[in-house]
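Read the structure below first, then the notes.
The values are calculated or read from the model by the stated rules, or taken from the named source; none is laboratory data. For clarity, every value in this text was computed on a predicted model and none was experimentally measured. Ideal geometry is used to build each Cβ from the backbone, glycine not excepted, and the neighbour counts take in all protein chains shown.
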Amino acid sequence: MKTIVDAKQVKKMYGTKGNIFTALHGIDLTVREGEFVGIMGPSGAGKSTLLNILATIDQPTSGEILIDGTSILNMKEEQLSTFRRDKLGFIFQDYNLLDTLTVKDNILLPLALAKMNVQEIENRVNEISERFGIRSILDKYPYQISGGQKQRTAASRAMVSKPSLILADEPTGALDSKSATDLLESLQDLSQEDKATILMVTHDAFAASYCQRVIFIKDGTLFTELVKGNSSRKEFFKKILDVLSIFGGGTNDVI
């Protein structure tokens, strides 16, 4: 199976001499095509730092990172911009939709920026909106739809260009349980059926239970990893809770 993320000995330090904080201590991470992988851990563990580095928003202090076979280190800003557009998709907790554009226009934005032909854009928007159950609201504006529909619009936008890697940062954080379930089931289906590769940072054990495996980070290091295997989602959920209880974190780290 093709390797999409190959990160070796990724270290990230902040500050100056005498006041240095190490956010990541030599992290190794491999994600293969079609995997839906969760990243969990207490607040301040280094989850967001790792996600930002993989998103090319931040640079590691040292280490090697290949995404879909390409090194993301030492790229110029213009190269990074093109790489993000062509290879990465992003799903954020707060949607990041443009209020002046319809749902359809929000979704097709990455394709328009890539100068894809109109018919192909139409086909892709129809296909992805159908997968996320939002085809009936394509002509509405973000202020006219629910939070769950906004997040499914954001997820459609992230996936419409068929990027190598989807990076999701607390995608269910602002959603009710029904909307969260709808989104997670769609992401799970796209991973299993279309080989979409998804890396999701979450505090929520319920959200993580939809993943094929979950990586736990503590104090900037890999603490442990759980693989779903043949477990049911409920069984996997319980295993995730067991690991989170070891962290001794607050409620947000456990449920």
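Structural remarks
- Search result, residues across the range 45-102 that are over 30 Å from Ile134 (Cα atoms) and of a type in the set (Gly, Ala, Ser): Ala45, Gly46, Ser62, Gly63, Gly69, Ser71
- Restricting attention to the range 193-206 and to residues that are of a type in the set (A, V, I, L, M, F, W, C) and within 21 Å of Leu54 (Cα to Cα), the residue that is surrounded by the most Cβ atoms within 10 Å (Cβ to Cβ) turns out to be Ile198.
- Selection from the range 62-90 of residues that are over 18 Å from Ile4 (Cα atoms) and either at pLDDT 95 or above or crowded, with 20+ Cβ neighbours inside 10 Å (or both): Ser62
- In the range 118-136, the residues that are farther than 19 Å from Gly148 by Cα form Cβ pairs under 6 Å with partners that are part of a helix (DSSP H, G or I), at six or more places apart or across chains, as follows: Ile121/Leu108; Ile121/Leu111.
- Qualifying positions in the range 129-155 - exposed (fewer than 15 other Cβ atoms within 10 Å of the Cβ) and more than 23 Å from the chain's Cα centre (by Cα): Ser136, Asp139, Tyr143, Gln144
- Looking across the range 231-252 at every residue that is at pLDDT 95 or above and assigned to a loop (DSSP other than H, G, I, E, B), the one that is surrounded by the most Cβ atoms within 10 Å (Cβ to Cβ) is identified as Ser231.
- Scan of the range 194-230 for residues that are part of a loop (DSSP other than H, G, I, E, B) and in contact with a Cys (Cβ under 8 Å, 6 or more places away or on another chain), ordered by number: Lys228
- Single match in Leu98, Leu51, Leu113 (criterion: surrounded by 14 or more Cβ atoms within 10 Å (Cβ to Cβ), out of contact with any Gly (no Cβ under 9 Å at 6 or more places or on another chain) and of a type in the set (A, V, I, L, M, F, W, C)): Leu51
- Lone qualifier among Val118, Val125, Val103 - being over 17 Å from the mean Cα position of the chain (by Cα), surrounded by fewer than 21 Cβ atoms within 10 Å (Cβ to Cβ) and either aliphatic (A, V, I, L, M) or on the phi > 0 side of the Ramachandran plot (or both): Val118
- Residue in the range 2-25 that is surrounded by the fewest Cβ atoms within 10 Å (Cβ to Cβ), counting only those that are at pLDDT below 95 and at positive phi: Gly18
- Of the numbered criteria (1) charged (D, E, K, R); (2) surrounded by 15 or more Cβ atoms within 10 Å (Cβ to Cβ); (3) at pLDDT 95 or above; (4) over 24 Å from Ala208 (Cβ atoms), the one Glu35 fails is (4).
- The set of residues in the range 132-146 that are closer than 19 Å to Lys178 by Cα and outside any helix (DSSP H, G or I) comprises Phe132, Gly133, Ile134, Ile145, Ser146.
- Some residue of the range 158-172 being small (Gly, Ala, Ser), over 19 Å from Met1 (Cβ atoms), part of a helix (DSSP H, G or I) and over 15 Å from the mean Cα position of the chain (by Cα): no
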